[in-house]
Structures are given as C-alpha cells and as structure tokens.
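Okay, structure first, notes after.
The values are calculated or read from the model by the stated rules, or taken from the named source; none is laboratory data. Please read all numbers here as calculations on a predicted model, not as lab measurements. Here Cβ is always computed from backbone atoms with ideal geometry, including for glycine, and neighbour counts include all displayed protein chains. For accessibility, only protein heavy atoms count, side chains too; no ligands or nucleic acids. Shrake-Rupley method; radii C 1.70, N 1.55, O 1.52, S 1.80 Å.
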Protein chains: 2
Amino acid sequence: RRARPVREVLFFPSRPCCIEALLAEAAEPGAPVRPCPCPLPSGDTALSRLVRRLLSARRSLDLCLFAFSCPQLARAVQLLHRRGVRVRLVTDAQYMGLHGSQIGRLRHAGIQVRHDQHSGYMHHKFAIVDRRMLITGSLNWTTQAIQSNRENVLVVEDAEYVKAFQDEFERIWEEYNPANYSFF
Amino acid sequence: RRARPVREVLFFPSRPCCIEALLAEAAEPGAPVRPCPCPLPSGDTALSRLVRRLLSARRSLDLCLFAFSCPQLARAVQLLHRRGVRVRLVTDAQYMGLHGSQIGRLRHAGIQVRHDQHSGYMHHKFAIVDRRMLITGSLNWTTQAIQSNRENVLVVEDAEYVKAFQDEFERIWEEYNPANYSFF
C-alpha cells in the first residue's frame, strides 16, 4: 500500500531543538538512544521536521544551496553520506568560503561539491530526496535563518515538481563541472 | 467550466524582456497596443510569465517580500492597485531603505506596507493572488536576481498550500501592525 504523498509546509523561525535522538536513530535504527546532556528540548519543531525528511533518504540526496552553515544540517548530510546515500551538493562560490560555512567540512568527508563561476548567485535553496521528494523554499541552511528569520519550506512528493527541479539540478551539476572551469 | 489549476515552475535567470505590452493590455484590455520603442524583445520569459500571473489579480494581492527593487514588478503592482485590487505588502525593515528599493514609491502610490521590527530577517518571497494562487520560491524581486541569479518560483493553485501561506501572511500582517511598534 502506497502511503499518501507528503505535502508539508514548514514555517520558520524554528524553536531551537536537539536533534541528537533523530541522528542516533538514523545512524543505528532500533539501538537504544542515550539521552543527550544538552539543555535543548527535543520536541517537534520546523527544524526537526526538516531533519526527519532529509534522514528519510535511502539512495540519493541532491542539494542545491546558496548558503550552508548550519552544523546540525551538515551532520545529518554527513550521516547520510556515511550510510551510503549518494550525496551531491551544488553551492554558491561567493558564499561557500564565508565564516561558518560547512562546505569544507562536507568536502573533507568525501561529499562531491560543485560551485558556480559567475558573478550572479546560485540562489536556489532546495533538496531532492531519492529523486522523489522535493524540499524547497526561502530558507538558507544557516542557524541564523532557522532560528531568527521568517522563512518557508515546502516538502512535496509530486512527480511533476520533482522532475522540474531534478532537471534543473542536473543542468547546474553539468554546468558547474570542474572540467569546464576557466582560470584567469 | 473550471480551468485546470495552475501548476508552473519558473527558473531564473530570465532573459531581459519588455513587459510594456503586458502592462498596457492589463491597464486597458482590448485597446490597441502601441509598439514599445525599447530594444528588448517581448517574448515568453520567466519574468513575463511571473508578470502575467500577477496581473491576473482581480480582487487582492498579498505580497511578503524580503527585497523589492525591480521597477518592472513595481509597475505591475502599482497598476493592480490603480485598478482597484487590494494590495498589501509586508517587507523587511533592513532592506526596504536600500538603494533602488521600490517600497517608498509603492507607499507614495497609496499601497499599504508593513515591515518587521526585528533583527531577524523577514525572508519570505511569496505572493498570493486573489487568495487563490500562491507564487513562492527563492526569488527576491530585484533586477539582479531576475537577470543574473539561478532562482526558482513555484506558481500553484492549491487550496491547502494557499491556506498555509495566507495564514502566515495574516499572522505577519497583524504582528507588524504599526500600532504594535515599540520605540526606543
């Protein structure tokens, strides 16, 4: 029986929350979860919902993110990579070197990253899980945006929307192929 | 007969295009359109599609925009206001005073504008046409974003998504009521 397709709207700011239990469960399903010593609640928040959706990836995660500096989301992505999910990440050249960016850490972990070479911004903020679920909106993956800004994220399992964004991802992935870089 | 609900994905950058014919037709439907002397083509682009969707408003246009400096989109919004469409605009306090912002011009035209009072950003970029059609994505309404950035905009006629964003709009509209401003 097919579950009903996901249709979810998340609004931010999100209350701060601890996602250790989510990460532990994803790393080792069914294992007893040690309580986290941090003072944050682990309740249901926009951030925890976003993390849950990402951690549902089994085969692939395609990320197209203007800014990525949130350590919690970077840990979720690294966990998926370690679990064998094929992670590809496209980002913006001007932003990836800024203080707090997680791009270097993800590259060190072995995740494939490509970036633009233009003066215009690679301003998308979307993720595609298993070529099946689209996560898109106004939210940059930064702690400031998650905790302080008014933001929206749509989560949709809809073949038509997923295909449009997957095609855009593949176009950008090819365009930003390092083989095409020009050096001045 | 109800037309099929709109489901459209627009990707930017958009080729530059002339929207004078679209504006003239919206201002005076059926009137002969004088050819525009500008050198830009008036073909089908992501920008012209976005403008068409906005100009379809008959009763209301609710705008929740982090940055609004594109003069073409400002002209479309002013035209709707003159035509009697109820336009409400929520924006970000830090960005509305920047060079090229269209917020002052829209206020002068008599359009109701409210802004945040927080250090966090009002980072949404969505519009709701006639409480029926949601236009949302990564795109700030700036010429730079339209012409230079990789951006996405979803256009959806879907009661569930529209309701979620309309509720968010009303919450923000009330929260940013000037009666609630505090002065230091």
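Please determine, by comparing only the residues of the range A:133-152 that are among the polar types (S, T, N, Q) and open to solvent by 10 Å² or more (accessible area, probe 1.4 Å), which one is nearest to the other protein chains (Cβ to nearest Cβ).
A:Ser148
Read through the list (1) farther than 21 Å from A:Pro71 by Cβ; (2) among the small types (Gly, Ala, Ser); (3) in contact (Cβ under 8 Å) with a residue 24 or more places away in the chain, then give the number of the only condition that A:Gly110 fails.
(1)
Specify the residue that is most open to solvent (accessible area, probe 1.4 Å); the eligible residues are those in the range B:1-27 that are within 29 Å of B:Arg150 (Cβ to Cβ) and in a helix (DSSP H, G or I).
B:Glu20
Filter the range B:28-52 down to the residues that are open to solvent by 40 Å² or more (accessible area, probe 1.4 Å), over 17 Å from the mean Cα position of the chain (by Cα) and touching a residue at least 12 places away in the same chain (Cβ under 8 Å) and list them by number.
Listed by number, the residues that qualify are B:Val33, B:Cys36, B:Cys38, B:Leu40, B:Pro41, B:Ser42.
Only residues that are within 18 Å of the chain's Cα centre (by Cα) and not acidic (Asp, Glu): list them for the range A:2-20, please.
A:Val6, A:Arg7, A:Val9, A:Leu10, A:Phe11, A:Phe12, A:Pro13, A:Ser14, A:Pro16, A:Cys17, A:Cys18, A:Ile19, listed by residue number.
I need the full set of residues from the range B:153-175 which are under 22 Å from B:Ala67 (Cβ atoms), facing chain A (nearest Cβ under 10 Å) and not in a strand (DSSP E or B), in order please.
Matches in the range B:153-175: B:Phe165, B:Glu168, B:Arg171, B:Ile172, B:Glu175.
Given the structure, is A:Arg49 within 30 Å of B:Glu175 (Cα to Cα), more than 11 Å from chain B (Cβ to nearest Cβ) and assigned to a helix (DSSP H, G or I)?
The answer is yes for A:Arg49.
Is it the case that some residue within the range A:8-23 is at pLDDT 95 or above, farther than 17 Å from A:Thr143 by Cα and not acidic (Asp, Glu)?
yes
Identify all residues within the range B:113-132 that are in contact with a Leu (Cβ under 7 Å, 6 or more places away or on another chain) and more than 14 Å from chain A (Cβ to nearest Cβ); write none if there are none.
Correct list: B:Val113, B:Val129.
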